[in-house]
Amino acid sequence: MAANVTLTSLAFTAPRQVELQQAPVPAPEAEQLLVRTRLSGISAGTELLLYRGEAPDGMPADETLPALRGDLSFPLRYGYCAVGQVMLAGPQAAPDWIGRRVFAFQPHASHFLAGSADLLPIPEDLSDEQAVLLPTMETALHLVQEGAPLAGECALVCGQGLVGLLTVALLARFPLQALVAIDPLAVRREAGLNLGAHASLDPGKPELRAALLDQFAQSGLQAGADLSYELSGRPEALNLALQLTAYDGRVVVGSWYGRKSSPLELGGRFHRSHIRIIASQVSRVQPELSGRWSKARRLQTALQLLRLIHPTNLVTHRFALAEAAEAYRLLDQHPEQALQVVLSYAD
């Protein structure tokens, strides 16, 4: 690299404090590849918890991703949605990687080093905006696999952030009798309808339960959902999901609440209803599928689903890396204005 080229990386230094740090661009060693980032996506779920200082101190950032070693204490570099182009190859790396567009689970930075095993080539027919949504699509695919929807079932998705929206988009391709989304923000409810939800309701409305049961009753189910997802990031929404799930139903919890907690109402109805709560985390393939499914297979399937659904209209805001603090403030203070926010690394 030219001597005047610097690596700019983003770090959280304290709650709601974003700092851009600079260092020389490193040269790739051995089998390493140097990637220049083109776009990176900001997670409005886990990443906002870190930005706000709501993550447990000392907890590993992600034990399955080499780029996220360390814990969640400040100062902290984070991010896992990077799209870039390979610029240089180490002396033992295959030179045909140079020039290829790639996806990587990497923190926000203008450049990064990675081995070829940690890079996923992006097919030519996928745009950068599609590719930056790959982790979210993989998460939605994982959630659908966890819930194992059956033909004719009624499904409920609590939370219409990016994960909730793409979960709705996948569930909409199953022959469900009813698919209902709930979210307090009108822009998200509208997006859920556009992606295939049969109804999208406001959880703050007192008539929510009646409206929901009316949707399901039209399909022959009187008491609630067969399958519910809690994807709002709000602990109190788990109680709501339990209340709206029918006898022998299942609730998949994809939210991570960080330090937030909320008492669960596990009284008589919960036990008598035989409701199953399923913990879900995308870092690993769930045990019952691990004999046939791998992370690589799931990522390739997610790439195919990006082609099918083409969700680039969910990318609502693009900020230059120098404007990162403004991007986080938007998501933190005005979530009603944004869906997916990305950082751009144009020269």
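Please treat every number below as a calculation from the coordinates, not as lab data. Since the model is a prediction, treat every value here as computed from it, not as a measurement. Counting neighbours? That spans all protein chains shown, and the Cβs are built from the backbone with ideal geometry, glycine included.
From least to most packed, judged by other beta carbons within 10 angstrom and beginning with the fewest, Thr316, Thr8, Thr167 follow the order Thr316, Thr8, Thr167. In the elastic network of the chain, a GNM with C-alpha springs shorter than 10 Å, the most mobile of Leu264, Leu170, Leu306 is Leu264.
Looking only at the chain, where both bridge partners belong to it, what percent of the DSSP beta bridges are antiparallel (to the nearest 5)?
Antiparallel bridges make up about 55 percent of those DSSP assigns within the chain.
Close amide H pairs (under 5 Å, H built 1.01 Å from N) link Met87 with Leu34, Val35, Arg36, Gly99, residues at least 5 positions away or on another chain. Normalised by the number of residues in the chain, the mean separation of alpha-carbon contacts (under 8 Å, six or more apart) gives a relative contact order of 17 percent.
Rounded to whole numbers, the Karplus 3J(HN,Hα) couplings from phi for the range 31-38 are 9, 6, 10, 9, 10, 9, 6, 9 Hz, using 6.51 cos²θ - 1.76 cosθ + 1.60 with θ = phi - 60°, and x at Gly and Pro. Ordering Phe103, Phe270 by the number of other Cβ atoms within 10 Å of each residue's own Cβ, fewest first, gives Phe270, Phe103.
Listed from fewest to most Cβ neighbours within 10 Å, the set Leu185, Leu266 follows the order Leu266, Leu185. Mean separation of Cα pairs under 8 Å and 6 or more residues apart, divided by the residue count, gives the range 138-287 a relative contact order of 23 percent. The packing ranking of peptides 155-161, 318-324, highest mean first, is 155-161, 318-324, where packing means the average number of other beta carbon atoms within 10 angstrom of each residue. Proximity of backbone amide H atoms, modeled 1.01 Å from N, is registered between Thr245 and Ala225 at under 5 Å, excluding neighbours fewer than 5 places apart on the same chain. Taking the chain as a Gaussian network of alpha-carbon nodes connected by springs under 10 Å, the highest mean-square fluctuation of the residues Leu39, Leu126, Leu162 belongs to Leu126.
Top mean-square fluctuation among Leu227, Leu179, Leu299, Gaussian network model of the chain, C-alpha springs under 10 Å? The residue that fluctuates most here is Leu299.
So, counting K/R as plus one and D/E as minus one, what does the shell of residues with Cβ under 13 Å around Tyr257 add up to? Local net charge: +1. Shown in residue order for the range 338-344 are the 3J(HN,Hα) couplings computed by the Karplus curve 6.51 cos²θ - 1.76 cosθ + 1.60 at θ = phi - 60°: 9, 10, 9, 10, 10, 9, 9 Hz (x for Gly and Pro).
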